1. Only one of Gly82, Gly76 is farther than 18 Å from Leu113 by Cβ and at pLDDT 90 or above. Can you tell me which?
2. Limited to region 100-130, what total is found for residues that are of a type in the set (Val, Ile, Thr) and farther than 28 Å from Gly39 by Cβ?
3. Pairs please, first residue from region 105-116 and touching a residue at least 40 places away in the same chain (Cβ under 8 Å), second anywhere and surrounded by 13 or more Cβ atoms within 10 Å (Cβ to Cβ) and aromatic (Phe, Trp, Tyr), Cβ atoms under 6 Å, 6+ apart in sequence or on different chains.
4. Within region 111-125, can you find the residues that are over 23 Å from Gly76 (Cβ atoms) and surrounded by 14 or more Cβ atoms within 10 Å (Cβ to Cβ)?
5. Tally the residues that are surrounded by 12 or more Cβ atoms within 10 Å (Cβ to Cβ) and either farther than 20 Å from Cys103 by Cβ or of a type in the set (Val, Ile, Thr) (or both), restricting the search to region 20-29.
6. Return the total of residues in region 1-19 being outside any helix (DSSP H, G or I) and either crowded, with 16+ Cβ neighbours inside 10 Å or at pLDDT 90 or above (or both).
7. Suppose we filter region 53-71 for residues that are modelled with pLDDT under 90 and in contact with a Ser or Thr (Cβ under 9 Å, 6 or more places away or on another chain); how many remain?
8. Looking at region 31-72 only, could you name the residues that are out of contact with any Phe, Trp or Tyr (no Cβ under 8 Å at 6 or more places or on another chain), part of a strand (DSSP E or B), more than 18 Å from Ala4 (Cβ to Cβ) and among the aliphatic types (A, V, I, L, M)?
Amino acid sequence: MNYAAARQALIESEIGSMLPGEMLAELFWGAQAKAFAAGDIVFRKGEPTEARFFLLVSGELSLLDETARKELMRYGKGTLLGEVGLFNPNETRTATIMAAEKCEVMEWDFAALKVDLRQTLGPVLEKIAFQRISNYTP
């Protein structure tokens, strides 16, 4: 992964404008880099969230309706994913996300983050999740 590009994607993301710089740096270094090939499933609706969320660093991801076998939406660099599932009372994924092309993501385990970062980041992620749900129209 190109770490300079990953850092820039984080800074330019929805989270980037809502967290102080020192917390962004802490978040950056707490991430795991992952790569997906076109067609790989990042996560599937109904799977446990395991308190994980993602930031798309490069490539594109698709929101899928697996029942209808169609793409509902496409996401590009800087998109936060998996945050809605963090607030699902069932602790399961609410959507299926597939790599539309080769892509790289940063992945975090929310539960493994330091307490002060979780306390600040939690309300930010909740706000982003609520906005995502409010703006969604299938």
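The values are calculated or read from the model by the stated rules, or taken from the named source; none is laboratory data. None of these values were measured; they are calculated from a predicted model. So basically every Cβ, Gly included, is an ideal-geometry build from the backbone, and we count neighbours across all protein chains shown.
1. Gly76
2. 3
3. Partner pairs satisfying both residue conditions: Val105/Phe54; Glu107/Phe54; Trp108/Phe53.
4. Leu113, Leu117, Arg118, Thr120, Gly122
5. Summing the residues that are surrounded by 12 or more Cβ atoms within 10 Å (Cβ to Cβ) and either farther than 20 Å from Cys103 by Cβ or of a type in the set (Val, Ile, Thr) (or both) in region 20-29 gives 4.
6. 6
7. Result for region 53-71: 2.
8. Ile41, Leu64, Leu72
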